[in-house]
Amino acid sequence: MNANIPHPESLMMTHGYNPEWSEGSVKTPIFQTSTFVFKTAEEGKKFFEVVTGKRTLPEGESNGLIYSRFNNPNLEIVESRLAVYEKGSEDACVFESGMAAISTVMLEFMRPGDFVLHSNPLYGGTDTFFKNILTRYHIHSQGFMPGDTEERIMEQIENTGIKDKISILFVETPANPNNILIDIEMCVRIAKRLSTSEKKVIVVADNTYLGPIWQSPLELGADICVYSATKYLGGHSDIVAGACMGSRAMMARVKKLRNNLGGMSGPHTAWLLTRSLETLKLRMDRQCENAKVLAKYLRSHPKVEKVYYLDQFEDPEQERIYKSQCSEPGAMISFDMKGGEAECFLFLNNLKLIKLAVSLGSTESLIQHPYSMTHAGVPENIKAQINVTEKLIRFSVGVENTADLILDMNEAFSKIS
């Protein structure tokens, strides 16, 4: 980061791009090309030596352009800006979806016979990938529950005999869909206890809900952050993308596998993501302020049983974790309706301004029913343990006027007798 420009939101306007490269264009053009011309055969050989891992680039130097499956100006610019925003990161790697980011990281750092130790609950797609896809390659998973202490987790690992087989500790916090917090520093300590001189257990943190503005797992000791960049990083419901950040060495490994699997972001997606980063802090700050107002409204409503939002805590341990690793409560609210699925559906079906749709983190407010939608594939016993019930609603707060959002919810609540 330029020491004279210390704030990431300012660097998002210029970092990684020089207008002189593109006829003075103040904004990065879209480099909609599949391949790039080499000046000489020797240059082409040199570039391929780097991309195939035969030669290491000196620090601060970037490789030349070859082919858009390996690198593209739009991809390189957005990755350099993401690395600036994620505190503690040296490099970033962008994909065409969040699941492409997660799956590539897992496949790079795991081998047949390994276990991933993970927090619960997980995003439904991540849960399905761990339990239904990785198992095809003899890679298995074991979860721990919110509230489990470090010693209890270690005891469970010892009892199941997988201590020497764990290669990744995957933590999603706040958890989707009910804002449960997991202690990242505790996960780092566990990973260190499981590591040996021959094998380091890697901590991977899904930072989609609060990052990179309100939570920085890498500064707390995590090795890699993963994102669904479709959400706040993209923020306009017009792209599907993913990202991960970490050290140069780890990102080099992830990029090499991405090159082989072909999950890189295309130039147009990368360009749209670059556009979105310019307003990331503005959007997320406004959404957070809106969510604080709406959480207060929902807590006072007679047809709402309970609100899950990070501005109030019944559990002192959750409050301790929040104060140690989060700077703001974010813009995701979950709440239990009085009743069950029928009452939830009646409420959802009568909203007008707030859209009934999955995904989150966009400028428009989105709302959905996790039990029957995003978490439909999670086993019933796990849903019961993590309190994902038929009365739970997940609400992604947008940038609209809060008075209009409250009016819309009041109208929908009034349909419930």
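The values are calculated or read from the model by the stated rules, or taken from the named source; none is laboratory data. A quick note: this is a predicted structure, and the numbers were derived from the prediction, not measured. Every residue, glycine as well, gets a Cβ built from its backbone with ideal geometry; the counts of neighbours run over all protein chains shown.
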Which numbered condition S237 misses (of (1) more than 27 Å from R394 (Cα to Cα); (2) outside any helix (DSSP H, G or I)): (1)
Qualifying residue in region 140-152 (condition: at pLDDT 95 or above, of a type in the set (D, E), assigned to a helix (DSSP H, G or I) and assigned by TED's automatic domain parsing to the domain that holds A222): yes
Sole exception among (1) in contact (Cβ under 8 Å) with a residue 60 or more places away in the chain; (2) crowded, with 21+ Cβ neighbours inside 10 Å; (3) of a type outside the set (K, R) for G147, by number: (2)
Test for L220: is it of a type outside the set (S, T, N, Q) and surrounded by fewer than 22 Cβ atoms within 10 Å (Cβ to Cβ): yes
Complete set of residues in region 200-242 that are under 18 Å from L181 (Cβ atoms), among the small types (G, A, S) and in contact with a Ser or Thr (Cβ under 8 Å, 6 or more places away or on another chain): A205
Close pairs (9 angstrom Cβ cut-off, 6 or more residues apart or separate chains): on the phi > 0 side of the Ramachandran plot in region 219-241, of a type in the set (S, T, Y) anywhere: G235/S276; G235/T279; G235/S362; G235/T363; S237/T230; S237/S359; S237/S362; S237/T363
Residues within region 280-296 that are surrounded by fewer than 20 Cβ atoms within 10 Å (Cβ to Cβ), under 18 Å from the mean Cα position of the chain (by Cα) and either under 30 Å from N71 (Cβ atoms) or not assigned by TED's automatic domain parsing to the domain that holds C326 (or both), tallied: 1
Test: S62 is at pLDDT 95 or above and either among the polar types (S, T, N, Q) or surrounded by fewer than 23 Cβ atoms within 10 Å (Cβ to Cβ) (or both): no
Meets criteria (basic (K, R) and free of Cβ contacts under 8 Å to residues at least 40 places away in the same chain) for K338: no
Given (1) closer than 29 Å to V171 by Cβ; (2) under 25 Å from the mean Cα position of the chain (by Cα), index of the condition G113 fails: (2)
Pairs, first at negative phi in region 36-61, second among the acidic types (D, E), C-beta under 6 Å, six or more apart: R55/E49
Single match in D114, D127, D148 (criterion: under 23 Å from L220 (Cβ atoms) and of a type in the set (D, E)): D148
Matching residues in region 153-178 - criterion: being at pLDDT 95 or above, assigned to a loop (DSSP other than H, G, I, E, B) and under 19 Å from Y227 (Cβ atoms): T173, P174
Test result for L310, hydrophobic (A, V, I, L, M, F, W, C), at pLDDT 95 or above and surrounded by fewer than 22 Cβ atoms within 10 Å (Cβ to Cβ): no
Total residues in region 394-410, condition crowded, with 22+ Cβ neighbours inside 10 Å and either β-branched (V, I, T) or assigned to a loop (DSSP other than H, G, I, E, B) (or both): 2
Residue count for region 385-417, restricted to those that are at pLDDT below 95 and farther than 15 Å from E341 by Cβ: 4
Matching residues in region 231-250 - criterion: being of a type in the set (S, T, Y) and surrounded by 24 or more Cβ atoms within 10 Å (Cβ to Cβ): Y232
